[in-house]
Amino acid sequence: MIKKLNSRLICLLTATIMVLFVATGCEKSPAKPAEPNKLALELSASLKTYLNSEEFKSAMQEAHTARERTELMYLKYVDGTFYGTDNVVQLKKYLNYINYIVENSELSDALFASSPASEQGWYGITDFLFGWSFMYNQYLQYCAGASVTDTSLSVYLPMIKSYLQKTDAFLQNNPVETPSDAPVIKVAWGFSATNVLPMIAANLGIYGATPYCDGVMLSYYEKDENGKFIKEGDTPDWVGFSGRPMCASLYRANEKYSLAYEKTMQGYFPFTDGWNQPLEEMVNLDRLCNYYNRTLSSGASAVPEYALLTAMMHGIDMENYVKESPAQDENGDETFNVISLWREELTVENGEYIINNFTDMAVAIAYIAQSSGIAAPTPLGSYSGSSAVIKL
């Protein structure tokens, strides 16, 4: 009798609890699919129009600089075929220049001076390899899209790794080039060998080749006894992508990495023509919120889109940007939608945003990729078809 009563009580209690859950809305409901990102959908349509345009194909054929190739690397996030026959002929031409600087299975600085690569304007092997690493990935993407198998270029990867190791050791022991056959460490403006070498390694899937350069990059996060960063942000990057902040994104998983540094010190750009302003008179990511759509009174052309791309490759949500160091007259909890500031600058025709250049293309791709689950979309890293998360 007691067992039957307990059984009935349990059934009654269970039923009562279920009624209460339903009445109070606590009953577990089926999970709803995530709402599609409206802006991402709109930008996807605009991106599709641009990538299928003759304007894009023509611009791609004329893309020679490292900056342009950096922007084109964002295409790895788009599922599609972008490199035609003319592009591949050009890529192979430049990639094959490496043949002229190989001696005894090593890259030779002595041979570089009279090589076709030198004639094209690259300063030295380090400068050449940076562009080469991007072109290598572009070629891999072409091969994947065209179902072409070509491993001929992989023979150079061990040589490149060896060269990176030797140059890294040279930088550690001889910061100023003195021997006549020393590696030429000069690279494009806004970059330095200490950030270019790790980026070359990352683009080619090479690990552990640049310990000294890695240490230099991580040293930017060191603080003094008062908790203030010791180093400033190095060369401004708003004239184009620059090495320090871009390379720093490779170290996001390192315990020494500081997002606060990247938000307040990277990419500062002066308002006036001089280059010696104090930091409080310069623009960083925090101040980007205030000055994005304003004309900077600088003799150089500042490009805020590069700051957006740099921020996103550091995993920052630029639709909900919270300042690291809010000004005294601002609400410290206020968030800034910097993506909207960029979007407002785009031309709109027939209700569609117009993308008509590599820079806006890269921002659109980075934003859509981040909305699709890529935490920190970046032009760096070796090509993998699995990264093509954007279906147009």
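Okay, here's what the table says:
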{"item": "Pair Ser325, Phe229: separation of 7 Å Cα→Cβ label points (nm)", "result": "0.8 nm"}
{"item": "Inter-site label distance for Gln120 and His64 at 7 Å from Cα along Cβ, in nm", "result": "1.0 nm"}
{"item": "Residues in the range 184-217 that a label on Ala169 would reach, taking backbone N under 15 Å of a point 7 Å out along Cα→Cβ", "result": "209-213"}
{"item": "Distant-in-sequence amide H partners of Glu352 (H built 1.01 Å from N, under 5 Å)", "result": "none"}
{"item": "Per-residue HN-Hα couplings for the range 194-205 [Karplus 6.51, -1.76, 1.60; θ = phi - 60°; Hz; x = Gly/Pro]", "result": "5, 9, 6, 4, x, 6, 4, 4, 5, 5, 10, x"}
{"item": "Inter-probe distance in nm under a simple model that places probes 7 Å from Cα toward Cβ, at Thr347 and Ala253", "result": "4.3 nm"}
{"item": "Filter on Lys57/Lys166; Lys161/Lys223; Lys92/Lys166 - keep pairs with C-alpha separation over 30 Å", "result": "Lys57/Lys166; Lys161/Lys223"}
{"item": "Environment charge at Gly121 (Cβ cut-off 15 Å; Lys +1, Arg +1, Asp -1, Glu -1)", "result": "+1"}
{"item": "Cα-Cα separations in the range 64-195 greater than 22 Å, expressed as whole percent", "result": "40 percent"}
{"item": "Nearest-0.05 FRET efficiency for Tyr100 and Ala146, computed from C-beta distance (R0 35 Å)", "result": "0.85"}
{"item": "Table column - 3J(HN,Hα) (Hz), the range 380-390, Karplus curve with 6.51, -1.76, 1.60, x for Gly and Pro", "result": "8, x, 6, 5, 9, x, 5, 7, 6, 8, 9"}
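Every read-out reported here was derived from the displayed coordinates using simple, explicitly stated rules and does not represent laboratory data. Bear in mind the structure is a predicted one, so any value in this text is a computation, not a measurement. For neighbour counting, all protein chains shown are included, and Cβ atoms are generated from backbone atoms with ideal geometry for every residue, glycine included.
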